[in-house]
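Participant: Below: one structure in structure tokens.
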Amino acid sequence: MRLIGAFGGSTALWALLAAHVAGAFEPVSVGIAIGAVSALTGYLSYTDFYCRFTECCHEERPLNTSALKLDLEEKLFGQHLATEVILKALTGFRNNKNSKKPLTLSLHGWAGTGKNFISQIVAENLYPKGLKSNFVHLFVSTLHFPHEQKIKVYQDQLQKWIRGNVSACGSSVFIFDEMDKLHPGIIDAIKPFLDYYEQVDGISYRRAIFIFLSNAGGDLITKTALDFWRAGRKREEIQLKDLEPVLSVGVFNNKHSGLWHSGLIDKNLIDYFIPFLPLEYKHVKMCVRAEMRARGAAVDEDVVTSVADEMTFFPKDEKIYSDKGCKTVQSRLDFH
């Protein structure tokens, strides 16, 4: 709500200055100062005003389903299953005020199929700052958990990190990239946080979201997609039930999945195993067009075709799927 008049304007300016130096005062003093402004203006609560100038954790803020749906449809190509499942899962979770456990999604597929991209879209729809938000936390296996001999140390650190961030914001988002490179056993450290507990050591994790990204299972997904293609069936006919059971069993028995014999699967704590299908030639061209638009350039179909033709495809005989998905589209477009 806009403040009107000289008094309102000067008061707002004073409060803004107070907010900028808030770090130099204890919270009580800042609360009294800004609270006094709110009382004078009659327009703003302390929380409303403070959150205009700093990022706040809005645990009960509803998800803009229409915006998320539009982002998924316009920015993610060839992934009808991921689009449908993630839209329904996030909408249902955020609209349910009495969730019994955190939302846990496990995204599987070859590199370049959109797993990282969709996690970015999800983050941006939950928090305006997206992956840069203080409430969105990205773990990369090869960066944060590189040494096999330090598994116990990593488990303790991971528990402390998640506990501290959820205590600060109950609707925190945790993204684990390169799960297929995570040493077995590390991820089980977070099992108590994903379970059906009202609280763990006085903290509720029921509004948090956990997203796992993994290349594991890519071969199983490709096999199913290829079977459909060879049978003359459209990829859009593939349903979640055709892949989810195969994926859960496959990654559970895969020593290089990060979820090998994991209690997260054994205790059914992962809500959805979401397959990302291998991308076809037409999807690569969609990625090229999207990248050109993102750069503010006019779409040149000759360039689109040229970039797509430079990609390599498999299997050897049929050459249906891009072996790198859309991963190298940006770098290849730089040469045109």
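The values are calculated or read from the model by the stated rules, or taken from the named source; none is laboratory data. Note that the structure is a prediction, hence the values are computed from the model and not measured. Don't worry about glycine lacking a Cβ; one is built from the backbone with ideal geometry, like all the others, and counts go over all protein chains shown. Side chains included, ligands, DNA and RNA excluded: accessible areas come from the protein's heavy atoms. Shrake-Rupley method; radii C 1.70, N 1.55, O 1.52, S 1.80 Å.
Participant: With the requirement that a residue be surrounded by fewer than 17 Cβ atoms within 10 Å (Cβ to Cβ) and in a helix (DSSP H, G or I), what does the stretch 141-150 give you? Show your work before the answer.
Facilitator: Restricting attention to the stretch 141-150, the residues satisfying the condition of being surrounded by fewer than 17 Cβ atoms within 10 Å (Cβ to Cβ) are 142-143, 146-150.
Thr142, Leu143, Glu148, Gln149, Lys150 - these are the residues of the stretch 141-150 that are surrounded by fewer than 17 Cβ atoms within 10 Å (Cβ to Cβ) and in a helix (DSSP H, G or I).
Participant: While we're here: Considering His137, His183, which residue is assigned to a strand (DSSP E or B) and modelled with pLDDT of 95 or more?
Facilitator: Working: His183 fails: assigned to a strand (DSSP E or B).
Going through His137, His183 in turn, just one is assigned to a strand (DSSP E or B) and modelled with pLDDT of 95 or more: His137.
Participant: Here is a further query. Considering only residues that are more than 18 Å from Leu194 (Cβ to Cβ) and either part of a helix (DSSP H, G or I) or open to solvent by less than 30 Å² (accessible area, probe 1.4 Å) (or both), which ones fall in the stretch 87-106? Outline the logic, then answer.
Facilitator: In the first step, residues of the stretch 87-106 are kept if they are more than 18 Å from Leu194 (Cβ to Cβ); the result is 87-88, 91, 95, 97.
Hits for the stretch 87-106 are Leu87, Lys88, Thr91, Asn95.
Participant: Okay, moving on. Are any residues in the stretch 325-336 part of a helix (DSSP H, G or I) and open to solvent by 30 Å² or more (accessible area, probe 1.4 Å), and if so, which ones?
Facilitator: Step one: list which residues in the stretch 325-336 are part of a helix (DSSP H, G or I), which gives 329-333.
Matches in the stretch 325-336: Gln330, Ser331, Arg332.
Participant: Go through the stretch 211-232 and count every residue that is without any contact (Cβ under 8 Å) to a residue 24 or more places away in the chain and of a type in the set (A, V, I, L, M).
Facilitator: Count: 1.
Participant: Can you name the residue in the stretch 206-235 that is in a helix (DSSP H, G or I) and over 19 Å from Gly112 (Cα atoms) and is also least open to solvent (accessible area, probe 1.4 Å) among such residues?
Facilitator: First, the residues of the stretch 206-235 that are in a helix (DSSP H, G or I): 218-230, 235.
Filter once more, keeping what is over 19 Å from Gly112 (Cα atoms): 227-230.
Numbers: Asp227: 72, Phe228: 24, Trp229: 115, Arg230: 135 Å².
Going through the qualifying residues, I end up with Phe228.
Participant: Looking only at the stretch 236-264, which residues are in a helix (DSSP H, G or I) and either of a type in the set (Gly, Ala, Ser) or free of Cβ contacts under 8 Å to residues at least 12 places away in the same chain (or both)? Break it down into steps so the answer makes sense when it comes.
Facilitator: So in the stretch 236-264, the residues in a helix (DSSP H, G or I) come out as 236-237, 240-252, 263-264.
Hits for the stretch 236-264 are Glu237, Lys241, Pro245, Ser248, Val249, Gly250, Gly263.
Participant: What do you reckon, is Ser248 open to solvent by less than 70 Å² (accessible area, probe 1.4 Å) and within 14 Å of Ile221 (Cα to Cα)? Before the answer, list the steps.
Facilitator: Values: open to solvent by less than 70 Å² (accessible area, probe 1.4 Å): yes; within 14 Å of Ile221 (Cα to Cα): yes.
Criteria met by Ser248.
Participant: Here's a check for you: in the stretch 36-56, which residue that is open to solvent by 30 Å² or more (accessible area, probe 1.4 Å) and touching a helix residue (DSSP H, G or I) at 6+ places or on another chain (Cβ under 7 Å) is modelled with the lowest pLDDT? It would help to see each step written out before you state the result.
Facilitator: Keep residues of the stretch 36-56 that are open to solvent by 30 Å² or more (accessible area, probe 1.4 Å), which gives 36, 39-40, 42-43, 45-48, 50-55.
If we keep only those that are touching a helix residue (DSSP H, G or I) at 6+ places or on another chain (Cβ under 7 Å) too, we end up with 40, 45-46, 50, 53.
Details: Leu40: 48, Ser45: 63, Tyr46: 63, Tyr50: 78, Phe53: 84.
Ranking the candidates gives Leu40 first.
Participant: Go through (1) in a loop (DSSP other than H, G, I, E, B); (2) over 26 Å from Gln155 (Cβ atoms) and name the single condition Asn268 misses.
Facilitator: The failed condition is (2).
Participant: So is Ser171 of a type in the set (S, T, N, Q) and either on the phi > 0 side of the Ramachandran plot or part of a loop (DSSP other than H, G, I, E, B) (or both) or not?
Facilitator: It is true that Ser171 is of a type in the set (S, T, N, Q) and either on the phi > 0 side of the Ramachandran plot or part of a loop (DSSP other than H, G, I, E, B) (or both).
Participant: List, please: which pairs have Cβ atoms under 6 Å, are six or more places apart or on different chains, and start with a residue in the stretch 139-161 that is touching a residue at least 60 places away in the same chain (Cβ under 8 Å) and under 18 Å from Phe210 (Cα atoms) and end with one that is assigned to a loop (DSSP other than H, G, I, E, B) and open to solvent by less than 100 Å² (accessible area, probe 1.4 Å)?
Facilitator: The qualifying pairs are Ser141/Glu178; Ser141/Leu182.
Participant: For the subset of the stretch 57-69 comprising residues that are at pLDDT 85 or above and open to solvent by 50 Å² or more (accessible area, probe 1.4 Å), which member is nearest to Leu87 (Cα to Cα)? So that I can check it myself, show each step before the final result.
Facilitator: Going through the stretch 57-69, the residues at pLDDT 85 or above turn out to be 57, 63-69.
Applying the additional criterion that residues be open to solvent by 50 Å² or more (accessible area, probe 1.4 Å) yields 64, 66, 69.
Details: Asn64: 11, Ser66: 10, Lys69: 7 Å.
Looking at the filtered set, the residue picked out is Lys69.
Participant: So for the stretch 305-324 (the condition being assigned to a loop (DSSP other than H, G, I, E, B), more than 24 Å from Arg235 (Cβ to Cβ) and acidic (Asp, Glu)), does at least one residue qualify? If you could, list the steps in order and put the result at the bottom.
Facilitator: Going residue by residue through the stretch 305-324, those that are assigned to a loop (DSSP other than H, G, I, E, B) are 311-312, 315-320, 323-324.
If we keep only those that are more than 24 Å from Arg235 (Cβ to Cβ) too, we end up with none.
Scanning the stretch 305-324 turns up no residue that is assigned to a loop (DSSP other than H, G, I, E, B), more than 24 Å from Arg235 (Cβ to Cβ) and acidic (Asp, Glu).
Participant: Of the numbered conditions (1) modelled with pLDDT of 50 or more; (2) on the phi < 0 side of the Ramachandran plot; (3) surrounded by 13 or more Cβ atoms within 10 Å (Cβ to Cβ); (4) in contact with a Leu (Cβ under 9 Å, 6 or more places away or on another chain), Gly78 satisfies every one except a single condition; which is it?
Facilitator: So the condition that Gly78 fails would be (2).
Participant: Those residues that are open to solvent by 30 Å² or more (accessible area, probe 1.4 Å) and in a helix (DSSP H, G or I), I need them from the stretch 277-294; list them, please. Write out each step before concluding.
Facilitator: Pass one, the stretch 277-294, residues open to solvent by 30 Å² or more (accessible area, probe 1.4 Å): 280-282, 285-286, 289-291, 293-294.
Tyr281, Lys282, Lys285, Met286, Arg289, Ala290, Glu291, Arg293, Ala294, listed by residue number.
Participant: When both residues are 6+ apart or on different chains and their Cβ atoms are under 6 Å apart, which pairs have a first residue that lies in the stretch 313-327 and is under 12 Å from Leu226 (Cβ atoms) and touching a residue at least 40 places away in the same chain (Cβ under 8 Å), and a second that is in a loop (DSSP other than H, G, I, E, B) and open to solvent by less than 70 Å² (accessible area, probe 1.4 Å)?
Facilitator: Going by the 6 Å Cβ cut-off, the qualifying pairs are Tyr321/Pro278.
Participant: Sticking with this one: Scanning the stretch 295-304 for residues that are touching a helix residue (DSSP H, G or I) at 6+ places or on another chain (Cβ under 9 Å) and of a type in the set (Asp, Glu), which turns out least open to solvent (accessible area, probe 1.4 Å)?
Facilitator: Selected residue: Asp300.
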